[in-house]
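Undergrad: If you scroll down you'll find the structure; I have some questions about it.
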Amino acid sequence: MRISVIGCGYLGAVHAACMAQLGHEVVGVDVDASKVALLAEGKAPFFEPGLPELLTEAMGSGRLEFGTDMSAVAGAQVHFICVGTPQKRGENAADLRFVDAALEALLPYVAPGDVVVGKSTVPVGTAEKLAERLAEVQPEATLVWNPEFLREGFAVQDTLHPDRLVYGIQAGTEGARAVRLLDEVYATPLSEGTPQVVTDYATAQLVKVAANSFLATKISFINAMAELCEATGADVTQLADAIGHDARIGRRFLNAGLGFGGGCLPKDIRAFMARAGELGVDQALSFLREVDSINMRRRVRMVDLAREVCDGSIVGRKVAVLGAAFKPNSDDVRDSPALSVAAQMGLQGARVVVTDPEAIANAEAKWPDLTYAPTAEQAAAGADVVVLATEWDQYRDLDPVAFGEVVAARRIVDGRNVLDPGKWRAAGWTYRALGRP
């Protein structure tokens, strides 16, 4: 099948490469010429494990091409819209300009019988408006809403082997035909037993933001417990282990620490609250304000811990921050807790040096006033305190004895609760972590 992918950022580039891997003929289109040039050379414009190899293989097969000319999508049977929906400047609501522009640019090339598939995360009600616009120009085409559920660092796996497929359609014959066509696109994962949910537009649009809100709530819940643990002397890690044995709760994502960041969870829950307000049901999601507030408080508390281990002041102290990306196996620094903490400490008079295996270039572009080093050892040379802010394996596996030789003082604040306190204390380190004695 010939497929087009409109928007070749994180979602689109991964989706295009994976669709080619599944055997389809794919053309990816983006307005960013520099991004397209990299992809056309088989190079990923961002760090995602497994994607460079997939791009190289797909480009070599001749099944994948990228360009800036929208006319290249003509002849494709299925068109995926994969553009971003960032948070509006100064507001919580999602900015839908890129989604609207993508559809308008695509419309002249949509043929009768084509299926336009929305994958972008949008406020409920967006698909209905896009379907109306599509019907005005090409009434014999169909819109399906097919939300994505990618985890950065596992995006290739999540696309090739998704944990579910959701189709939002309008009732009727054309909707049934669109489902059959999309089933052909996803024939391989469906043959592997991937669960499928065929539903209406509204439900399909709510699935992604509801899932992200639930996840954010679970993370913020355990971080709220961390605040109580610090006040009572309890250990939040052991608390999470104990309640995680309850099958109704589960242990996954009950990891207290710096909280969530990135380009999805924070902006998605804020956009969800904004849309609920527009619909007159803002009280239904009022709890998400506290979820967001708890998440942001963890960053402030991290700075407080660094100050506490430095005898009450970080003014003039050298602080090594291990991590810049919002999570490991990514170079994404959008709303990164690590960089937020680093910047706060810099503003409070500390001499901050940040390191990250993949995200330094992106971090420098966003926070040029911070100092950066290529390795943990170089960042920590002569440091008065080390802050572990992103749980890369390289930092989890540090030898506290050898690492202790490069610092000025053996003080470490574990913002992700991933180090062994006993091991580090035995090596002479003062160890502190969020929610632990």
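The values are calculated or read from the model by the stated rules, or taken from the named source; none is laboratory data. Everything numeric here is computed off the predicted structure, so don't read it as measured data. Note that we place each Cβ from the backbone using ideal geometry, even for glycine, and neighbour counts take in every protein chain shown. Note: accessible area is taken over every heavy atom of the protein model, side chains too, but ligands, DNA and RNA are not part of it. Shrake-Rupley method; radii C 1.70, N 1.55, O 1.52, S 1.80 Å.
Undergrad: Hand me the list of strands (runs of 3 or more DSSP E) wholly inside the stretch 307-412 holding 1 or more residues that are open to solvent by 10 Å² or more (accessible area, probe 1.4 Å) and in contact with a Ser or Thr (Cβ under 6 Å, 6 or more places away or on another chain).
TA: 351-355
Undergrad: For the stretch 102-127, name all the residues that are outside any strand (DSSP E or B), closer than 26 Å to S213 by Cα and touching a strand residue (DSSP E or B) at 6+ places or on another chain (Cβ under 9 Å).
TA: Correct list: K119, S120, T121, V122, P123, T126, A127.
Yes/no matrix, rows are residues, columns are (1) of a type in the set (G, A, S); (2) out of contact with any helix residue (DSSP H, G or I) (no Cβ under 9 Å at 6 or more places or on another chain); (3) farther than 21 Å from F260 by Cα:
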| residue | (1), (2), (3) |
| --- | --- |
| C310 | no, yes, yes |
| G323 | yes, no, no |
| K327 | no, yes, no |
| P337 | no, no, no |
| A342 | yes, no, no |
| N362 | no, yes, no |
| T371 | no, no, yes |
| L388 | no, no, no |
| E391 | no, yes, no |
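Undergrad: Okay, moving on. Restricted to the stretch 209-238, and to residues that are over 27 Å from the mean Cα position of the chain (by Cα) and among the aliphatic types (A, V, I, L, M), which residue is surrounded by the fewest Cβ atoms within 10 Å (Cβ to Cβ)?
TA: A231
Undergrad: Consider the stretch 236-287. How many of its residues are under 21 Å from A127 (Cα atoms), in a loop (DSSP other than H, G, I, E, B) and at pLDDT below 95?
TA: Number satisfying all stated conditions: 1.
Undergrad: Answer yes if at least one residue in the stretch 128-141 is surrounded by fewer than 17 Cβ atoms within 10 Å (Cβ to Cβ), touching a Leu at 6+ places or on another chain (Cβ under 6 Å) and modelled with pLDDT of 95 or more, and no otherwise.
TA: yes
Undergrad: The conditions are (1) within 27 Å of A361 (Cβ to Cβ); (2) aliphatic (A, V, I, L, M); (3) in contact with a strand residue (DSSP E or B) (Cβ under 9 Å, 6 or more places away or on another chain), and V31 fails exactly one of them. Which is it?
TA: Against the list (1) within 27 Å of A361 (Cβ to Cβ); (2) aliphatic (A, V, I, L, M); (3) in contact with a strand residue (DSSP E or B) (Cβ under 9 Å, 6 or more places away or on another chain), V31 comes up short only on (3).
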